[in-house]
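Taking it in order: structure first as C-alpha cells, then the write-up.
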Amino acid sequence: MSYRPSRSTARIATSVMIVATILGLSGPAFAAGIGISVGAPESVAVGQQVEVKAVLSEDGVPVEGAEVALTYKATLGGKTDRVEIASATTDETGTAVMVYEQRANDNGEMQIVYLGPGTDPVDPFEFTIAVEKGGVQLYHSESGVKIPFVNGTLVILVIATVWVFISLSAVLLARVGKAGIVEDEASAESGSMWIGALLAFAAIFTAVGMVIVFVRAPLANTDLSHPGEYETHIDEYDRTELAHVGDLDPYVGFGLKDESAAQTGDPVEDGKVLSFEYACAACHAPSGLGGVVGPALIGEIGSFNNFVEEVRDGPKGMPAYSEATLSDADLQKIYDFLEAGR
Amino acid sequence: MDTMSNWHERLVRKTTRPTLVTTYRYWVWLAFLVAVFANGVFQYSKQWSNGLYVTDMRDRISWGLYITAFVFFIGISHAGTLISAILRASKATWRAPITRMAELITAVALIVGASFVLIDMGRPERIFNVFRYGRWQSPIMWDVMAITTYLTASVIYLYAPMIPDLALYRDRLSNKVGVARRFFYETVALNWRALPSQVRLLGKAITIMMLIIMPIAVSVHTVVSWIFSMTLRVGWNTSIFGVLFVAGAIFSGVATLILVMAVLRRIYHWEEYLTPKHFLYLGYLLAAFAGFMIYVNINEFLTSGFKLEEEGEFAFRQLFVDDFALMFWFYIIGGLLTPITLMLFRRTRTIAGVVVAAVLVDIAMFFERYFIVVTGLRVPLMPYEPASYSPTFVEWSIFVAGIALFLLLITIALKVLPMFAIWEMTEEHERNVAREPIPILQGAHEGGGDGAPESPPDVERLAEGGVS
C-alpha cells in the first residue's frame, strides 16, 4: 500500500506517523482550527479490506478524542447523497483508523468529516481512492438455506453409487465370459470374452469420467460463492461478455407501469423511460450506447423515417414492433432521446 | 397336446425367422428408411454450414421441433424399463415375450433422442464444453449425466438377458448365416454354456440392473422436465412437471411398444407368442396411465389457473382457445379420453382397438411435447407481440429422419438380435405345462449350495439348444 498525504504535493510512503509529522510541519490547512490529513491507498480492488487513517491536528498539536467519519457519494434510487461507511475516534497521536470493505466498483469522491466534540465548523477533507478494474465480483449475495450434508458432495456420492452398480453388472458379464473360457480348455472350443471386458472397461471408464466431471465442476468455472478461492483456469474458454447496466447509467428506478413516468412533457426524459419500457435498453444498453445483443444507436440512426422503418421491420435478431405495440408518438420520443444523446 | 420339444422347436424356428429369411420387402423397406434418413443428413448439412438460421427458431422461440423430438424419444425410451424391470421385479410371468422388444426400444429411442440435443446446437462441437467447463448448478449438466447413465444402463440391461439367446443363436444358426454374423454371435454370446457359475453371475447382473435401472429411468425424465421447470417461464413454472413427464414417458413408451409388437406380429406371424392377452394388458396399462395423465393435467392447470398471474392468461388462452387449441384438445380427447373409452367396452377391447389407442397416444404425446416447448417460450416477457414459430423444411426433414433412424435401428436389429427372450419364454411355458415352477436362475443358486452343482434341466436345454 502506498500512502498519500493531503493537500501537500509530497508523497510519503510508509507510516501515518510520518504523514502526521510532515503535515504538522508544512500544513497550510492548519492556519485556523482543526486540520485533517489522510493516509489511504491510492487504489483498491473490490472485495478488499481498506484501511483509511485520518490525522487531526490543531496548530501542530494532535487532537485526541475527536470523532470522524468516512463518507462517500452514492447514487441510489435516483438520489445522490453522502453515505457513511466507517467512523472512529482519534487516539493520543490524533490518529483515527477506519476500515471498510470495498464493495462498489466506483467510489466517487470520499470525505473525512469531523463530527465532534467541537462545534466549530471543520472543512471536510476530500480525496479519492481509485477502484482497480477486474477484481472479484461481489454481486453474489449469500442467499438460500444451507442444509448440512445436502450439497454437491452428496450428489457425487449418489452418482458414484449408481455407477458402482452399473460397473459391477458389466464386470459380472465379463466374468460370465471368463467362466466359459475355463471350461473350454477341456472341450477345446475357442471362446472369447473380450466384448465383456470391453463393456466392463467402458462402464468403469464412463463412471470415473462422470465423477471427475462433477468433482471438477466448481474448479472449471468461477464459483461465485467462494470468490478467489478457486483458480479459474479457463483462459481459453470464451464466455459471452456481460454488460453491466449499472456501470454506465445507474438505474434510477422508475415504475415502468406508471404511465406518468413517460409523460413529463420533456420528450427526451419521456424517451428515456420508454426506451426501458419497450426493452430497447435491454439489447441496445441504456442510452442506446450499444449492448451485447444490439448495436449502438447513438449517432447511427439517421432520419426519423428511417428509424421508424427499422423498428417496425425488426432487422436481424431484433423483434419487429408494430404500430399496435409501440405508437409513432412514443417512437418519436425514443428518437428524441437517442438524438439528444449524440 | 404339444410335447415340450415340439413347442420349443417351433419357438426357435419362428423367432429366428427374421434373422434367417430376408424377403425383397425387407430390402424395399430398408431402402426407404435409408433414403429418408439420408435426406435428413443432407438437410442437416445445410444447417451445419449455415447455422440454426435455416430453422425457424429465433431469439424468442429458441426451442422447437428438435427439443420436442428429444423429449418425445427420451419419453419413448421408458417403455423398456417399465415393462421389463417392473414386471420382472414383480414376477409377472406374462411379460416374457415382450421384454426384449421393450428393452430394444429403450436403447434405440435413447440413441435417437440424445442425438437431437446435438442437432439442436448451432455449434455442436461445443458439447465438449459441458464436460470441460460444466457447472453442476446447470440443469443441462444434470441432463447429460442422467442420459449418459441411462444409456449405459439400458444397453447393459438389454444385453445381459440376451446372452443365453445369443448363445442359442450361436449354436443353432452359425452354419445358416454369413461369416460376419457367425463371428458376431460367437463374440457376443460370451462363451455362454449355461454353466452353473455363469447362470449365477448372469442372474446377479440382471437383478442388479433391474433394480438400479428403475430409479435411473425415473430420474432421467424428471431431469428432462427440470430443463423446463427450472427456467423462469410462465407455463413451465410448476412443480408437477417431473410427474407429468415421467408418466407421459411411460405412457408413450407403452404405446410405441404396442405398435412395434403389432407390426412384427403381423409380419412374422408371432400370434402364438404375442397373444391378445399381451395387447389387452398393455391396453389396460395405457388406460391407467391416461387416467393418471388427466389427473396430473387437471392438477397443473387448475392450480395455476385459479391464481392466474398476468402472463398466465396469455399462456392459457393460446393453449385452450387460440393457436394451440387444436393440438391441446386432440391431446386431451384423442390421446387421453379415447384410449380409456376404447378399453372400457368389450367390442373395442381388441387388438385393433388397442393399436388404435396406441397410435392416438403417440400422436397426442408428440403434440403435448410440442406445445409444452413452444407455448412456454411464446409467452412474451417483454412488451412485443408474441413470436410465431413453424418448423422449416429442414427441421421437419431432420425430425422425420429421426423417426426413420429409430425404425432403421430396429429393422437392422431384426436381422441380428433375438427379438424374444427365448429362455424366459421357455421357462414360463414349462411352468404352465408342469404347473411346477422351476425358475432358471434361482435353481442355479440352490444347486450351487451343496458343493456338487447340477444345472437345472431348463438350463441344460439352453446350453444344448434342444430338449432332453
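The mean count of C-beta atoms from other chains within 10 Å of the C-beta of residues in A:152-159, rounded to a whole number, is 2. Placing unit charges on the Cβ atoms only, positive for Lys and Arg and negative for Asp and Glu, gives chain B a dipole magnitude near 820 debye about its Cα centre. Relative to the dominant Cα principal axis of chain B, helix B:276-307 is inclined by about 20°. Helix B:139-159 axis versus longest C-alpha principal axis of chain B: approximately 20°, rounded to the nearest ten. Taking other C-beta atoms within 10 angstrom as a stand-in for reagent exposure, B:Ser388, A:Ser57, B:Ser138 fall in the order B:Ser388, B:Ser138, A:Ser57, fewest first.
Distance between the modelled labels on B:Arg182 and B:Arg132, one decimal in nanometres: 4.7 nm (7 Å Cα→Cβ projection).
Within the same chain, lysines fewer than 8 places from A:Lys272 are excluded, and of the rest, those with a Cα less than 23 Å from its Cα are A:Lys79, A:Lys257, A:Lys333. Taken along its principal axes, the alpha carbon cloud of chain B reaches lengths of 78, 50, 46 Å, longest axis first. Relative to its Kirkwood radius, the Cα radius of gyration of segment B:8-145 gives an Rg/Rh of 1.08.
Its residue count N sets the reference 2.2 N^0.38 Å, and the alpha-carbon radius of gyration of segment B:129-194 equals 1.72 times that reference. Each residue in A:Thr80, B:Thr350 was given a count of other beta-carbon atoms within 10 angstrom of its own, and listing them fewest first yields A:Thr80, B:Thr350. Note on B:Leu280 and B:Phe306: their simple-model spin labels are 4.1 nm apart, each label 7 Å out from Cα toward Cβ. Shielding of peptide B:183-193 by partners, expressed as the average count of other chain Cβ atoms within 10 Å per residue Cβ, is 6. When B:Glu309, B:Glu430 are sorted by how many other C-beta atoms sit within 10 angstrom of their C-beta, beginning with the fewest, the order is B:Glu309, B:Glu430.
Counting Cβ atoms of other protein chains within 10 Å of each Cβ in B:147-158 and taking the mean gives 4.
Overall dimensions of segment A:276-326, expressed as equivalent-ellipsoid semi-axes from the Cα gyration tensor (√(5λ), whole Å, largest first), are 16, 13, 10.
Placing a pseudo-label 7 Å from each Cα along the Cα-to-Cβ vector at B:Ala92 and B:Phe393 gives an inter-label distance of 4.6 nm. Against chain B, whose longest principal axis is taken from its Cα atoms, helix B:422-434 shows a tilt of about 60°. In this structure, the pairs whose alpha-carbon distance is over 19 Å, taken from A:Lys178/B:Lys415; A:Lys178/B:Lys204; B:Lys91/B:Lys415; B:Lys176/B:Lys415; B:Lys204/B:Lys415, are A:Lys178/B:Lys415; B:Lys91/B:Lys415; B:Lys204/B:Lys415. Extension gain for the segment B:Leu20 to B:Asn299, taken as residue separation times 0.36 nm less the Cα-Cα distance, is 95.3 nm to one decimal.
Read-outs: derived from the displayed coordinates by stated rules, not from any lab. Computed from a predicted structure; not experimentally measured. As a convention, Cβ positions derive from the backbone with ideal geometry for all residues, glycine included, and neighbour counts pool all protein chains shown.
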